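K.L.:
Got a structure for you, written out below as C-alpha cells; questions coming shortly.
The values are calculated or read from the model by the stated rules, or taken from the named source; none is laboratory data. What you see is a predicted model, and the numbers here were worked out from it, not measured in a lab. Cβ sites come from the backbone with ideal geometry, for glycine too, and all protein chains shown count toward neighbours. With ligands, DNA and RNA removed, areas are computed over all heavy atoms of the protein, side chains included. Shrake-Rupley method; radii C 1.70, N 1.55, O 1.52, S 1.80 Å.
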Amino acid sequence: MTAREEVLRAARALHGRGRAVFSIGEVVQMARDQGAVSADVTLRTHVVSYMCANTDTEQGGRWPDLVRVDRGQYRLNDPTLGAAPPRNDPPPTVAPADTADRGRAWDWEGNVQAVLVQHLRGDGWTVISAADTESGQQGVDVHARRSGQDLFIEVKGFPSSTYVRGPKRGEPKPTRPAVQARHWYAGALLSAVLLRDAHPDARVGMCFPDAQTYRRLVARSRRSLGDLAIEVWWVGEDGGVSSGLD
C-alpha cells in the first residue's frame, strides 16, 4: 500500500467516525492504528502537499484527494460523501511523531524534535502535543506532562547552507548558517520567555542540536537562563539527549 493509499484509508475512516474535518496528526495516528508502514513525515507531507487540492507548495495537488479548510485542518475532496455521520465516539488521541526522517540531516528541526520526543517518552513523560515541523505548524513545539508537571520546549534545528525547498532548492543561502543560527536562538529564547510568563508553574526549555554555535550562545546567556528557569536540552548526532547549561 502506498503512502497515498494509507492517508486516504485513514481519512475515510475518520470521516466514518464523524470527523468530516480532521487534523494532520489525526490522519497520521489513524494511519498508524491501521498498520501504515510509511514514515510519519511521509504521511504528513502527503496530507499538506501531494494530496492537497488547494495547497501552494511546489509539489502540491498531484493527487487532489484532500482540501485544506483551515490551518492544519483538512477534509476529503469527495462531494459524493456528503456530511459526516454524527459522532458517537471521542476524537482519536493524537500521538506526536517520534520517527526521524532519514532523508534529512540529523540536525534538521523535525529530526531533533523526533529524538527529543522519543527521549521524553522513555523517561516517563506523556507527550501531549508536538508541532508539525514539515507544515510549519504554529504553537508550542513540544508539550509533555509527568506526575502533574507540565513541560514546554521550543525546538530548533541548525540552518543548512542551501535552500531545501521551493524554487531555490539546492542553491546556497546568502546568510552563513552560524549567523542564521544566532537568529534562530534569539527566536527560541523569545518563545521560551513568553512560555515562562504564560505558564509560571511549568518547566520551560529550549532544545537544540549539539552544535558549537548554540553551545557558545547558551554559555554567554547562562546566568539569564538560570534566573528565568529556562532549561536547555541537547540532541547529539548519535541520537543521545542531555540537558544543562554547560
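K.L.:
Enumerate the strands (runs of 3 or more DSSP E) found wholly within the stretch 140-215, keeping only those where 1 or more residues are acidic (Asp, Glu). Steps first, answer last, please.
P.N.:
Working: elements: 142-146, 149-155, 203-209.
Result: 149-155.
K.L.:
Since LEU245 meets every condition but one in (1) open to solvent by less than 50 Å² (accessible area, probe 1.4 Å); (2) at pLDDT 90 or above, which condition does it not meet?
P.N.:
Here LEU245 meets the rest and fails (2).
K.L.:
Give the number of residues within the stretch 15-41 that are within 17 Å of the chain's Cα centre (by Cα), outside any helix (DSSP H, G or I) and not aromatic (Phe, Trp, Tyr).
P.N.:
Number satisfying all stated conditions: 3.
K.L.:
Hey, any hits in the stretch 19-42 for a residue that's touching a helix residue (DSSP H, G or I) at 6+ places or on another chain (Cβ under 6 Å) and of a type in the set (Phe, Trp, Tyr)?
P.N.:
For the stretch 19-42, residues touching a helix residue (DSSP H, G or I) at 6+ places or on another chain (Cβ under 6 Å) and of a type in the set (Phe, Trp, Tyr): present.
For every residue, the table says whether it meets (1) within 15 Å of PRO209 (Cβ to Cβ); (2) at pLDDT 90 or above; (3) of a type outside the set (S, T, N, Q); (4) within 16 Å of the chain's Cα centre (by Cα).
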position	(1), (2), (3), (4)
ALA130	no, no, yes, yes
GLY136	no, no, yes, yes
ARG146	no, yes, yes, no
GLU154	yes, yes, yes, yes
TYR163	no, no, yes, no
ARG169	no, no, yes, no
VAL179	no, yes, yes, no
HIS183	no, yes, yes, no
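K.L.:
Please tell me if GLY187 is within 25 Å of ASN111 (Cα to Cα) and either without any contact (Cβ under 8 Å) to a residue 40 or more places away in the chain or open to solvent by 50 Å² or more (accessible area, probe 1.4 Å) (or both).
P.N.:
Numbers: within 25 Å of ASN111 (Cα to Cα): yes; either without any contact (Cβ under 8 Å) to a residue 40 or more places away in the chain or open to solvent by 50 Å² or more (accessible area, probe 1.4 Å) (or both): yes.
It is true that GLY187 is within 25 Å of ASN111 (Cα to Cα) and either without any contact (Cβ under 8 Å) to a residue 40 or more places away in the chain or open to solvent by 50 Å² or more (accessible area, probe 1.4 Å) (or both).
K.L.:
For the stretch 220-244, give me each residue that is of a type in the set (A, V, I, L, M) and within 20 Å of GLY157 (Cβ to Cβ).
P.N.:
Going residue by residue through the stretch 220-244, those that are of a type in the set (A, V, I, L, M) are 225, 228-230, 232, 235, 241.
Answer for the stretch 220-244, where residues must be of a type in the set (A, V, I, L, M) and within 20 Å of GLY157 (Cβ to Cβ): LEU225, ILE230, VAL232, VAL235, VAL241.
K.L.:
Here's another thing I want to ask about it. Taking the stretch 47-66 on its own, how many of its residues are modelled with pLDDT of 85 or more, open to solvent by 20 Å² or more (accessible area, probe 1.4 Å) and either closer than 20 Å to ARG17 by Cβ or touching a strand residue (DSSP E or B) at 6+ places or on another chain (Cβ under 7 Å) (or both)?
P.N.:
3
K.L.:
Still on this structure: Of the residues in the stretch 14-38, how many are surrounded by fewer than 18 Cβ atoms within 10 Å (Cβ to Cβ) and aliphatic (A, V, I, L, M)?
P.N.:
Qualifying residue count, the stretch 14-38: 3.
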